[in-house]
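Working notes, beginning with the structure itself.
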Amino acid sequence: MLQHFCQWLYDSSVGTGIRESIWVFPIIETIHVLAITLLVGTIAILDLRLLGWALKREPVSRVASGVLPLTWAGFAVMFVSGFLLFWSEAAKSYGNPAFRLKLLLLALVGLNPLIFHFTIYRSVGDWNERIVTPLRARLAAVFSLTLWGGIICAGRAIAYFQK
Amino acid sequence: MSLLQLFQWLGHTSVGVFMQQSTYAFAVVEMIHLLSLTVLGGVILLVDLRIFGLGVKSQTADTLAQQLNPFLLGSLVVSAISGILLLSEEPIKCYYNPAFRAKMLCLVLAVAFYFFIQQRLSGGYAKWAGAVSLLLWLCVGLAGRAIGFI
């Protein structure tokens, strides 16, 4: 079922067009690689603040409200460019272990801020100015950095497994 | 020693030979290079976009740059070391690769501009400086990606 859907995307005119064009695929891929800095590079600064390593004098909530709009902009660029890349390679990506790992890690990295936001971040007023934040906030930062790092590595590995 | 001889020497060092013979070293070092450029790009974006009123608005671009400097320097060092390792895998090919040459030129300009020029420009010139910096770093990224295409 899912495999059929991937094959259908792969065979569609858009998918075939991106795949067979000399320029379109490399251009989308370049955007996808460079926009990593906007998505992961910005969220990493917030994680480093939660760990008490960066922007120590700045309240956590101010770093979050400053950084997150950029992170979301990065997410939009990554999602659109990533989906277009997938569209053109869907049938090959389906069985690709690196691609599967990346999707799994993406699901986990999406859960992390949801849990963070609805639990420990609710009491941010109590620890906003502290250099070292509560353990659960630091754990969320470690998860975020680890998962995003894993996503970047798995994403790079997709090309190594693509046949 | 000419630049070409230096590149030839790099390819013959034990590190270069290791990078050429190992199955996984290149892929692993490339991932490290990607991870460090993520942090590097994140800092550059936060500092330069702040000049345009985006991002962490409670601080000036100068204070942000100052506070994030250790991360910028750290990621630059990791990028440079991993970059030299990647280069040692096929130095002669890179030497003649126009994208590699363009990247090195843009990198020198971007680093010099960021550390020596940008922070001295203020007032009406600050936005121009931010735009030039973003453009130079973008060129480093574009040329860097293009090395693999050429």
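The values are calculated or read from the model by the stated rules, or taken from the named source; none is laboratory data. Since the model is a prediction, treat every value here as computed from it, not as a measurement. Using ideal geometry, Cβ is built from the backbone for each residue, glycine included, and neighbour counts are taken over all protein chains shown.
Tell me, yes or no, whether the range A:16-31 has at least one residue that is at positive phi and not in a helix (DSSP H, G or I). No; the residues of the range A:16-31 include none that is at positive phi and not in a helix (DSSP H, G or I). For beta carbons closer than 7 Å, sequence separation of 6+ or different chains, a first residue in the range B:57-76 that is among the charged types (D, E, K, R) and a second that is in a helix (DSSP H, G or I) and surrounded by fewer than 20 Cβ atoms within 10 Å (Cβ to Cβ), the qualifying pairs are B:Asp62/B:Gln119.
Each residue in the range A:30-70 was checked for being under 30 Å from A:Ala91 (Cα atoms), more than 8 Å from every other protein chain (Cβ to nearest Cβ) and not aliphatic (A, V, I, L, M), and 1 of them qualify.
Scanning the range A:116-157 for residues that are in contact (Cβ under 8 Å) with a residue 12 or more places away in the chain, over 20 Å from A:Gly41 (Cα atoms) and among the polar types (S, T, N, Q) yields A:Thr119, A:Asn128, A:Thr133. None of A:Ala141, A:Ala73, A:Ala137 is at pLDDT below 95, more than 30 Å from A:Gln3 (Cα to Cα) and of a type in the set (Gly, Ala, Ser) except A:Ala137. Taking the listed residues A:Val67, A:Val40, A:Val24, A:Val60, the one that is β-branched (Val, Ile, Thr) and either in contact with a His (Cβ under 9 Å, 6 or more places away or on another chain) or more than 21 Å from B:Ala65 (Cβ to Cβ) (or both) is A:Val24, with no other qualifying. When B:His33 is tested against the conditions (1) of a type outside the set (Ser, Thr, Tyr); (2) crowded, with 16+ Cβ neighbours inside 10 Å; (3) without any contact (Cβ under 8 Å) to a residue 40 or more places away in the chain; (4) in a helix (DSSP H, G or I), the lone failure is (3).
Just give me the residues in the range A:149-163 being at the interface with another protein chain (Cβ under 10 Å from one of its Cβ atoms) and in contact with a Ser or Thr (Cβ under 8 Å, 6 or more places away or on another chain), in sequence order. Across the range A:149-163, the qualifying residue is only A:Ile152. Within the range A:107-147, the set of residues being in contact with a Pro (Cβ under 8 Å, 6 or more places away or on another chain) and of a type in the set (D, E, K, R) comprises just one member, A:Glu129. Filtered by the rule that a residue be crowded, with 16+ Cβ neighbours inside 10 Å and β-branched (Val, Ile, Thr), the range B:112-150 gives B:Val132, B:Val140, B:Ile147. Exactly one residue out of B:Ser122, B:Ser58 is more than 18 Å from B:Cys139 (Cα to Cα), modelled with pLDDT under 95 and within 14 Å of chain A (Cβ to nearest Cβ): that is B:Ser58. The residue that is farthest from B:Ser75 (Cα to Cα), counting only those in the range B:14-29 that are part of a helix (DSSP H, G or I) and of a type in the set (Val, Ile, Thr), is B:Val17.
Yes/no matrix, rows are residues, columns are (1) among the polar types (S, T, N, Q); (2) modelled with pLDDT of 95 or more; (3) more than 14 Å from A:Ile152 (Cβ to Cβ):
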{"residue": "B:Leu3", "(1), (2), (3)": "no, no, yes"}
{"residue": "B:Leu10", "(1), (2), (3)": "no, yes, yes"}
{"residue": "B:Val15", "(1), (2), (3)": "no, yes, yes"}
{"residue": "B:Ala25", "(1), (2), (3)": "no, yes, yes"}
{"residue": "B:Gly42", "(1), (2), (3)": "no, yes, no"}
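Counted as qualifying within the range A:42-132 are the helices (runs of 4 or more DSSP H) with 3 or more residues that are hydroxyl-bearing (Ser, Thr, Tyr), namely A:60-94. Among all positions in the range A:126-139, there is at least one residue which is surrounded by fewer than 13 Cβ atoms within 10 Å (Cβ to Cβ) and either touching a Leu at 6+ places or on another chain (Cβ under 8 Å) or away from chain B (no Cβ under 14 Å) (or both).
Somewhere in the range B:74-90, is a residue within 11 Å of chain A (Cβ to nearest Cβ), out of contact with any Asp or Glu (no Cβ under 8 Å at 6 or more places or on another chain) and surrounded by 21 or more Cβ atoms within 10 Å (Cβ to Cβ)? Yes, the range B:74-90 contains a residue that is within 11 Å of chain A (Cβ to nearest Cβ), out of contact with any Asp or Glu (no Cβ under 8 Å at 6 or more places or on another chain) and surrounded by 21 or more Cβ atoms within 10 Å (Cβ to Cβ).
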